[in-house]
Amino acid sequence: MIKLTAQGHTCFTLETDQHSLIFDPWLAENPEAAISVDEVEVDALLVSHGHSDHLGDAIEIARRLGRPIIAPYELCMYCERNGAEVVPMHLGGGRDLDFGRVQLTQATHGSAVIHDDFIEYTGPACGFLVTLGENTVYYAGDTGLFGDMELIGQRADIDVAILPIGDNFTMGPDDAVKAAQMLNPKMVVPMHYSAFEVIQQNPEAFSDQLAGLGIDCTVLRPGEQMEFA
Ligand code: NI
Ligand code: MN
């Protein structure tokens, strides 16, 4: 049994009996965070890109727990320089780790840490395919629609696909529907649709649109969780 919990915006935790992971732990400044930075207890942190609403509190959490940040190489070098343990990977590459397998996927998006007086490049943005036992989760990260989602769907038997629907910075709902059709997951979970004014979307309307195409969708508000096996 795997438990997926929405922690607000694009932060999710994924737990099995033995292991737990967190995606994009933006918490302290996140208006809808369902857990605090100090409450996070995980085996590893998966960070899709350097934007502040994704890298968030990852370095602080990684340092406190002595657990690694898994991310594209350039972002890992940034995190390592700031005192975190890292597992540097890159797009298309997979790796077997203690808890399961991680593969980095393409995401059509930027990645940088924005400082007051300069912008620090942190490589390309990514998504993640995470396989725990028999189950595979596709966490798309911040991305627009791209045709190779079809290939990802053909190559991986996806149980849950976590997709952005906010528009403006990522896919909007209509493109996310097309993404879901290409990925062919058993379940879709929307993200990135409520934390900022400019990305406000109605996830229930998105879910209804998918239902009309025979695709299952679960809307998880911050703090809500679903289980699958
Ligand atoms: Ni971003
Ligand atoms: Mn974002």
Let me spell out the model: positive unit charges on the Cβ of Lys and Arg, negative unit charges on the Cβ of Asp and Glu, origin at the Cα centre of segment 4-118. What dipole size does that give, in debye rounded to 20?
400 debye
Highest-first arrangement of 149-162, 62-75, where packing means the average Cβ count within 10 Å
62-75, 149-162
Whose amide H sits under 5 Å from the amide H of Gly172, counting only residues 5 or more places off or on another chain, with H placed in the peptide plane?
Asp167
Grab the other residues whose beta carbon is less than 14 angstrom from that of Gly92, score K and R as +1, D and E as -1, and report the net.
+2
Just to be sure I understand: of the beta bridges DSSP finds with both ends in the chain, what percent are antiparallel, rounded to 5?
65 percent
Please give the net charge around Asp159, taking every other residue with its beta carbon less than 9 angstrom from that of Asp159, where Lys and Arg add +1 and Asp and Glu add -1.
-1
How big is segment 96-197 by Rg and Dmax over its Cα atoms, in Å?
14.4, 46
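Return the inverse of the average 1/r over all pairs of distinct C-alpha atoms in segment 19-173, which is the Kirkwood hydrodynamic radius, in Å to one decimal.
15.7 Å
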I'd like the accessible area for Thr131: 1.4 Å probe, protein heavy atoms, all chains in place, Å² to the nearest 10.
40 Å²
J(HN,Hα) series, segment 184-198, from Karplus relation 6.51 cos²θ - 1.76 cosθ + 1.60, nearest Hz, glycine and proline x
6, x, 6, 8, 10, 10, x, 8, 6, 9, 9, 6, 10, 3, 6
Just add up the charged neighbours of Thr218: K/R +1, D/E -1, any other residue whose Cβ is under 15 Å from the Cβ of Thr218.
-3
Taking the Cα centre of segment 2-221 as origin, work out the dipole magnitude from +1 charges on Lys and Arg Cβ and -1 charges on Asp and Glu Cβ, in debye rounded to 20.
460 debye
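The values are calculated or read from the model by the stated rules, or taken from the named source; none is laboratory data. Since the model is a prediction, treat every value here as computed from it, not as a measurement. Virtual Cβ from ideal backbone geometry, glycine too; neighbours counted across all protein chains shown. We work out accessible area using only protein heavy atoms, side chains counted, and drop any ligands, DNA or RNA first. Shrake-Rupley method; radii C 1.70, N 1.55, O 1.52, S 1.80 Å.
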